[in-house]
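K.L.:
Okay, here's the structure, questions in a sec.
The values are calculated or read from the model by the stated rules, or taken from the named source; none is laboratory data. Since the structure is predicted, the reported quantities are computational estimates derived from the model, not experimental observations. Ideal geometry is used to build each Cβ from the backbone, glycine not excepted, and the neighbour counts take in all protein chains shown.
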């Protein structure tokens, strides 16, 4: 098992890693790049705690062999928000008390962000569907749905203001 | 932790070369939504795995959904999300899009591919029954070139498909359904998201001018050793007018066929009424679409 070299971008920064070929994107994010905001829950694609955005789509990083991200763009929880400010989705989650232990939160934020980047007009039903691959065991989903919906409205208003 | 190498191939022929070189100890990875889980769970099948061969860099060769005359060609690397969103599928074979939309979660659908789903050969794969109902063909690429066969024959047994060591699945080919045909897919899982089918069924119905059924397909999932239609249940519908009674008869025929083929098992007490109910539901919902 020879190490492989993989070039990709994480949160818009180009990185090159030399890692074992049997590592997963999740391992490399956490252990090599020390981006520990992405959490490992079930490790079999069922809980969504390790969700990141890969080329614009939400994926569970526990199921992505590291070699598969060559040349691709990865966004993690560390890459949302800008200029030292939280993303509106994160703000709305705080505002709505949509977390307790917080372990699932980064995954939810990434699923929500992938949705709103693609469809800022998402309905609550579409939000529920977009976060259906994320498990939360303490807070439940209602506050999260409301928070993401509110964030969507804010984002739309901010966009309008820009125009 | 299993140790294995990771390769990419630049061309379809190179995929076959690498597969042949490793003599069955190279495994193709596409979305990774099955194999990465199996490796993680130390599935004995992969103890001797020498390498994962990643197909996802062959998107231009293998990721497409296109119409060609009366046929639809679906590249093996098409993701469940691709199927769910395809206008071509929505227009001609909507139950395949619906089946794809019920796979796993958004994250799984964004990565998981139809080729992987079929080659993993789980009898519970959601896209399997619509493809069986459509009598899909598979195109297989190997060192000697390409060959085509029926999906039904391609699926040998749970976990096993008809691929030689140098071969991989390239695409699915299905005939468009006749104008006026409606389709439905119904799935029974333990919860709404991330549920693996306990049972599912795909149906196609079409009526003639007099309102009698002129075309029917019923392909139940998870109940046979290898996927199949229930032709006796289809025949029973032909020439009759849609009615609740008729759907019940068809459901009963599917469950009778299940018992004829697999015998009475520990799960029969549950599966018998459940399969009858989902067949009835699917036929009734399809008939409603005809209006």
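K.L.:
Being surrounded by 10 or more Cβ atoms within 10 Å (Cβ to Cβ), in a loop (DSSP other than H, G, I, E, B) and modelled with pLDDT of 95 or more is the filter here, so list the residues in region A:1-21 that pass it.
P.N.:
A:3, A:11, A:20, A:21, listed by residue number.
K.L.:
Here is a follow-up. For the list (1) touching a helix residue (DSSP H, G or I) at 6+ places or on another chain (Cβ under 9 Å); (2) surrounded by fewer than 24 Cβ atoms within 10 Å (Cβ to Cβ); (3) outside any helix (DSSP H, G or I), I need the number of the one condition that residue A:115 fails.
P.N.:
(3) is the only condition that residue A:115 fails.
K.L.:
Still on this structure: Pick out the one residue from A:151, A:122 that is out of contact with any strand residue (DSSP E or B) (no Cβ under 8 Å at 6 or more places or on another chain) and either buried (at least 24 other Cβ atoms within 10 Å of the Cβ) or in a strand (DSSP E or B) (or both). Working first, answer last.
P.N.:
Numbers: A:122 fails: either buried (at least 24 other Cβ atoms within 10 Å of the Cβ) or in a strand (DSSP E or B) (or both).
None of the other options fit; the residue is A:151.
K.L.:
Is it true that residue A:107 is in contact (Cβ under 8 Å) with a residue 40 or more places away in the chain, within 14 Å of chain B (Cβ to nearest Cβ), closer than 20 Å to residue A:120 by Cα and surrounded by fewer than 19 Cβ atoms within 10 Å (Cβ to Cβ)?
P.N.:
Details: in contact (Cβ under 8 Å) with a residue 40 or more places away in the chain: yes; within 14 Å of chain B (Cβ to nearest Cβ): yes; closer than 20 Å to residue A:120 by Cα: yes; surrounded by fewer than 19 Cβ atoms within 10 Å (Cβ to Cβ): no.
Judged against the criteria, residue A:107 is not a match.
K.L.:
Would you mind stating whether residue A:89 is touching a residue at least 60 places away in the same chain (Cβ under 8 Å), in a helix (DSSP H, G or I) and either more than 12 Å from the chain's Cα centre (by Cα) or more than 13 Å from every other protein chain (Cβ to nearest Cβ) (or both)? Let's see the steps before the verdict.
P.N.:
On the way: touching a residue at least 60 places away in the same chain (Cβ under 8 Å): yes; in a helix (DSSP H, G or I): yes; either more than 12 Å from the chain's Cα centre (by Cα) or more than 13 Å from every other protein chain (Cβ to nearest Cβ) (or both): yes.
Here the answer is yes, as residue A:89 does meet what is asked.
K.L.:
Within region A:47-85, which residues are more than 8 Å from chain B (Cβ to nearest Cβ) and on the phi > 0 side of the Ramachandran plot?
P.N.:
Within region A:47-85, A:55, A:56, A:71, A:81, A:83, A:84 qualify.
K.L.:
While we're on this one: Restrict the check to region A:68-82 and report whether at least one residue is closer than 19 Å to residue A:151 by Cβ, modelled with pLDDT under 95 and not in a loop (DSSP other than H, G, I, E, B).
P.N.:
Yes: region A:68-82 contains one or more residues that are closer than 19 Å to residue A:151 by Cβ, modelled with pLDDT under 95 and not in a loop (DSSP other than H, G, I, E, B).
K.L.:
Check region A:52-75 and report whether any residue there is surrounded by fewer than 19 Cβ atoms within 10 Å (Cβ to Cβ), over 16 Å from residue B:56 (Cα atoms) and over 15 Å from the mean Cα position of the chain (by Cα).
P.N.:
No, region A:52-75 contains no residue that is surrounded by fewer than 19 Cβ atoms within 10 Å (Cβ to Cβ), over 16 Å from residue B:56 (Cα atoms) and over 15 Å from the mean Cα position of the chain (by Cα).
K.L.:
Right, something else. For region B:187-291, give me every one of the helices (runs of 4 or more DSSP H) that falls completely inside it and has 1 or more residues that are modelled with pLDDT under 95. Before you say what the answer is, go through the steps one by one.
P.N.:
Values: elements: B:231-237, B:244-262, B:268-290.
The helices (runs of 4 or more DSSP H) meeting that bar are B:244-262, B:268-290.
K.L.:
Limited to region B:91-103, what total is found for residues that are within 13 Å of chain A (Cβ to nearest Cβ) and surrounded by fewer than 24 Cβ atoms within 10 Å (Cβ to Cβ)?
P.N.:
Here the count works out to 2.
K.L.:
Continuing with this model, one more query. When only residues in region A:125-141 that are surrounded by 12 or more Cβ atoms within 10 Å (Cβ to Cβ) and more than 10 Å from chain B (Cβ to nearest Cβ) count, which is modelled with the lowest pLDDT? Lay out the reasoning, then the answer.
P.N.:
Of region A:125-141, the ones surrounded by 12 or more Cβ atoms within 10 Å (Cβ to Cβ) are A:126-136, A:139, A:141.
Those still in the list that are more than 10 Å from chain B (Cβ to nearest Cβ) too: A:126-127, A:136, A:139, A:141.
On the way: A:126: 97, A:127: 98, A:136: 97, A:139: 93, A:141: 96.
The selected residue is A:139.
K.L.:
Now, a different point. Hey, among B:120, B:110, B:70, which residue is within 30 Å of residue A:114 (Cα to Cα) and touching a strand residue (DSSP E or B) at 6+ places or on another chain (Cβ under 8 Å)?
P.N.:
Going through B:120, B:110, B:70 in turn, the sole match is B:110.
K.L.:
I'd like to check something: does region A:24-46 contain any residue that is farther than 15 Å from residue A:134 by Cα, free of Cβ contacts under 8 Å to residues at least 24 places away in the same chain and within 14 Å of chain B (Cβ to nearest Cβ)?
P.N.:
yes
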